[in-house]
Structures are given as C-alpha cells and as structure tokens.
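Input: a single structure, listed below in structure tokens.
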Amino acid sequence: MLEVDLVQQLPGFTLDVRFQAPTGVTVLFGGSGAGKTTVVNAVAGLHRPESGRVALHDRVLFDLERGIWLPPHRRRIGYIFQEGRLFPHLNVRQNLLFGRWFAPKGAARDDFDRIIAMLGIAPLLERRPTGLSGGEKQRVAIGRALLSAPDMILADEPLAALDAARKEEILPYFERLRDEVKIPVLYVSHSAAEVARLATSVVVLKDGRVQRQGSAAEVLGDAQVMPTGVRAAGALLEARLLRHHPDGLSELSAGGISLFLPQVPQAPGCLLRLRILAQDVILSRQKPEGLSALNILPAEVENIRSGSGPGAMVSLKTDAGRVLARITRRSAQALELAPGSHCYAVVKSVAIARSDVSGSAAAAP
Amino acid sequence: MSWLGPEEWQAVALSLKVSIWASLLTLPLGIFAAYALARWHFPGKHLLNGLVHLPLILPPVVTGYLLLLIFGPQSAVGSALQQIGIVFAFQWTGAALAAAIMGFPLMVRAIRLSIEAVDPKLEEAAATLGASRFWVFVSVTLPLILPGILAGGILAFAKAMGEFGATITFVSNIPGQTQTLPSAIYAFLQQPGGESAALRLVAVSIVVAMGALVLSEVLARRASKRIGGA
C-alpha cells in the first residue's frame, strides 16, 4: 500500500493530492498539466515536494514534519519512464541486471528467467538498446524495473511515446504485471482506454487535486470526472465469455444480459472487460425491432446531465452495469427522458473497438 | 632512433615523461573540475571557471613566472614542499607541473562538453534502480563520458609536448633536467649549425602530435561505438 499526501506550488496552480494505491494497478488519470508527473517524481524521490508525506507499506519515504527524506536510491521503487531510459553503454542483459547490483542482499529477488519469459525478451539479451524498437525498449525497461526487487512500480505514461501498434504490443505485459506481480503499481495515463484495460483503481487528477478515486468502472462511468472530455466517456462492463458461435460471433454475458462481439480469441469462461463509449450508444423508449444492432440493453435512467452545448450525458442503470449514452438535449426532451424512466440502450457494434476490448482482438463487423 | 643524437634523444624522452605524467596526474582533477562546472551550482563557480581558463589566455611567460613565484625555492610554498621532499624548481617535475597547468583548461573543456552531453535522466534512472550518487557516477556517467576523457587527456598530452614559454620561464632549459623537446629545438636554433638537429626534433614533434591525434580519434570512435553512439 502506497500512501501519498503532497502539497506543491506549481506554475499556475497548487498541487494538493491525497490518495492511496493498494496492490494492483492504480491509474493516476488526468489531462496534461494536471500534475501527474510531479506526483510520481515525488514518490520516486526525484523531486522534493514542499510539504506532505509519502509512505510505502510501513516505510516512510518522505515526511516533512518529521524531517524524513529518503533519496531515490534507497526507496526501492522501480520506475518505468516514458522514454525507457535504457543505458546506452550496456547491453540488454546488463541493463536488466543493473538494479540487482544494488538491491539489498535479503531482498526477495524475482527470478530472472521468469521475468525474461514473461516479457518475451530472451532473444534481445545480448543486443544494445540503440538497436531496439520502441516496443522492445519499453519491455526491457519494464524488466529492468522489476528485476531491481522493488517494493512498488511507478510507470509514467509508458506507452505515450509509442504508436498504436506498439501500444497493443506492450499493454498485455502490463496486464500480466497487474495479474502476476503482487506489488502496488502506480500508472500515470491520460488515456481512458488504458484505464479501462489496466486499472484496478483510478485516481482522477484535475488542476492539481484528486477529483475522484474509485474502481475503473465507477470512474469511467461518471462523465463528470472524465478529464479528457466527453469523447472518451463511456462505461466499463465486465462480461464472461459464454460461447463462440459458428457465424463468427462470440457471446458474452454481462450480469445475465447477452452481448455479441466479433469473435474473440479467449476460451469460453474467461472474464473480459468491455468498454462502451457514450457516443456510441443510442436510446429508444420502445424495444427496437427491425434494427441491425445486436446488443440492446433494457435500462433505467439514473440521471441526465447537460452542459452548455447541445449534448446531454445520460447515465443508465442496466443489469450489465452502468452504461453512458451521449445524446442531444433535443432528443432527451423528445423522448421525455427523466430519472427513473425506462428505455433501451442500443449499442452500435462499431462501438466495441479493438483497442477497447480488454485482451481481445475483436473488430467491428 | 639512432638518427637522433644523445642530447636530442634525451629531450624527446624527457618530454614524453613530462607529458605523460602531466596529463595522467591531472586527469582525476580535470574530471572533478569539469563535473563541478557542468553540474553543480555553487558560489564562486565563475571564479573557478576563470581560474581554470586563466593559463589559456595569459601569456605563457606570465604563467611560468607566477609558478616561479609560488613554487620557487625562495617562496613559502616552495620551501614548505622542499621539507617533504617535493621540489619543482629547475627539475623535470617542475616542467611537468607547468605542462599540467597549461594543458588543464583544454582537458577540462573537452570533458565538460562530454558531461553536458550526458542525459541527466539516465542518471535519475540509475538512482531509482538503487545506485547511490557515487555509483551513478561510476556506472553511468563515467562510461558515457569516456570519449571526452580520452579526448581531454590526449589534448592535454599534446599541449604538454608543445609547452615552451611557461616551462622555460619556470624551470629554465637544462639539458637532461628540464630541456624538453621545444626547449631543445629553441636551444639548437641558437647554436650555429644546429639546424639539422632542430629539424630532426621538429620531425619528432610532428610524428608525436599526429600519433596522439590519430590515437585519440581511434579510441574515441571505439568508445562511442561501445556506448551506442554513432
């Protein structure tokens, strides 16, 4: 468990954050300039905040009142940087083993071979970092951080410098990190898709303050706190894969409701995260018939929020979980939608985009 | 090198000895000064920078005379050092001191440039992996600035081989003691019929200078290949 409580004056605003990161991936989520990197650098010890306290498990890393400030090399925090920061004068193996030199003798050492296998970097061991692709560099950087026997991992937008294909290459490794490594991971991101895929819990940072902390589904389903605008707002549903149909569709069950996706590679029985963007949901008061969309969820309106523009964000309760729909205010009036009214959420198949389906390769038909 | 007379050979050997000692012994201090100037902020930084560069811009005769005033047998520093057996005046060690001081600015400049080219983010990364400041320097900074250290060392060596004004002012021109290669060339040119000996030494000077340059290029290229550069 990481406990963070920091105050720092930054140009234009004051960073004042308090949150906790348990075992699992906590995504520090916010737009650029929200102070995310300042927070992780303070946790790592690369930047000394004006006041506050940082504690990891039972170790106090920083406490202004008690005059405690551990230098970065004594914090035992593995840091995965945005740009990898591999040492150019060492080969991949030497980069990976760098932290092991300095790890305390008694520290639990992760098995070198296991991590090499987990990251698939065995063929790269004798190569120099300069010859590696962006995705390979990031995998080595992940391994280097893990092999320093850290008490926690920090990752500062580790995918931001990569193109979409490389992101797809790296994301599964972070999922394995979340599922296989039993230490807290604080992961900085401004991407709702990464939150949807990786987060155990989310801390939303806005203008230097924690706006919301909660589970990924809670935060992503709340349009009010989305730091990256309404386009990225959407719901996160957990669904179990039921069966594959011969016509190329996979059937999933989310809270008893069947959802159909283009075939996913996983075996039936496994749990998937589905992301449904608010702008890809259509509402209907009657049960729609003669419609090409396959996924229709009976819903009850929770609330309707409209801003200054023509749009309105409708939050819906369904058996599958909370779903968001972004419609126009005019439609909301025409349909006479109000909290408590019943309707149907029509999810356009195209909404279930490839990068938004956790661990799957589904594409729109 | 039988085509060199004994006196000429003596000058060449002395110059090599003086230059090697001058460049090797100042290397740690040069790295330290370069690091301080490149990375640290401290009061008097400009003063230190000025002091380091002073020998580069002062007339060498002035530097030599100042050395004589500070380290000469009559001075307080000189006689104190004499008590513990260190004598600079009119000794080859004095020639090495003069050469070291004259080459120091060149050495510091080359190393400082290479330190400024090291990305501090790599050093931060090393710190998060558990390396203390000392180990960050040894395991990351030092290997990355190796080409600069080589370049600085060889520049200082070449400068020491050619140093004349400060040396002759400080330790005079005593054959076998303080007569370095440039001093010997100067002495031969003062003698009637000394031109051929002077020319031979000029040839040696050119060969040594070119050799040092080629060596530094080869070493620097090898080092920068090793650290993943061009």
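General observations
- Selection from the range A:264-321 of residues that are among the small types (Gly, Ala, Ser), closer than 13 Å to residue A:221 by Cα and not in a loop (DSSP other than H, G, I, E, B): A:278, A:315, A:321
- Every condition in (1) outside any loop (DSSP other than H, G, I, E, B); (2) more than 14 Å from every other protein chain (Cβ to nearest Cβ); (3) closer than 28 Å to residue A:136 by Cα holds for residue A:15 except the one numbered (3).
- The set of residues in the range A:47-65 being surrounded by 19 or more Cβ atoms within 10 Å (Cβ to Cβ) and within 14 Å of chain B (Cβ to nearest Cβ) consists of A:56, A:61.
- If the condition is being touching a residue at least 12 places away in the same chain (Cβ under 8 Å) and facing another protein chain (nearest Cβ under 7 Å), then the range B:127-165 contributes B:140, B:143, B:144.
- Enumeration of residues in the range A:148-174 that are touching a Gly at 6+ places or on another chain (Cβ under 6 Å), within 14 Å of chain B (Cβ to nearest Cβ) and of a type outside the set (Ser, Thr, Tyr): A:150, A:153
- Verdict on residue B:201 being within 20 Å of the chain's Cα centre (by Cα) and in contact (Cβ under 8 Å) with a residue 12 or more places away in the chain: no
- From the list A:283, A:297, A:259, the one residue that fits, being touching a helix residue (DSSP H, G or I) at 6+ places or on another chain (Cβ under 9 Å), within 16 Å of residue A:344 (Cα to Cα), at pLDDT 80 or above and not basic (Lys, Arg), is A:283.
- Residue in the range B:129-138 that is under 25 Å from the mean Cα position of the chain (by Cα) and closer than 15 Å to residue B:36 by Cα present: yes
- Output for the range B:30-49, where each listed residue is within 19 Å of the chain's Cα centre (by Cα) and over 14 Å from residue B:102 (Cα atoms): B:31, B:32, B:33, B:34, B:35, B:36, B:37, B:48, B:49
- Hits in the range A:67-77 (condition: within 7 Å of chain B (Cβ to nearest Cβ), in contact with a Leu (Cβ under 7 Å, 6 or more places away or on another chain) and either under 9 Å from residue A:154 (Cβ atoms) or surrounded by fewer than 24 Cβ atoms within 10 Å (Cβ to Cβ) (or both)): A:77
Let's see how each residue does on (1) over 19 Å from the mean Cα position of the chain (by Cα); (2) farther than 21 Å from residue B:180 by Cα:
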{"residue": "B:96", "(1), (2)": "no, no"}
{"residue": "B:99", "(1), (2)": "no, no"}
{"residue": "B:111", "(1), (2)": "no, yes"}
{"residue": "B:116", "(1), (2)": "yes, yes"}
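- Some residue of the range A:168-183 being touching an Asp or Glu at 6+ places or on another chain (Cβ under 7 Å), in contact (Cβ under 8 Å) with a residue 60 or more places away in the chain and at positive phi: no
- Scan of the range A:113-147 for residues that are more than 10 Å from every other protein chain (Cβ to nearest Cβ) and β-branched (Val, Ile, Thr), ordered by number: A:115, A:116, A:121, A:140, A:142
- Strands (runs of 3 or more DSSP E) lying entirely in the range A:24-109 (those with 2 or more residues that are among the charged types (D, E, K, R)): A:59-63
- Residues being more than 23 Å from the chain's Cα centre (by Cα) and free of Cβ contacts under 8 Å to residues at least 24 places away in the same chain - total across the range A:109-154: 7
The values are calculated or read from the model by the stated rules, or taken from the named source; none is laboratory data. Computed from a predicted model, the values in this text were never measured in an experiment. Cβ atoms come from the backbone with ideal geometry, glycine included; neighbour counts cover every protein chain shown.
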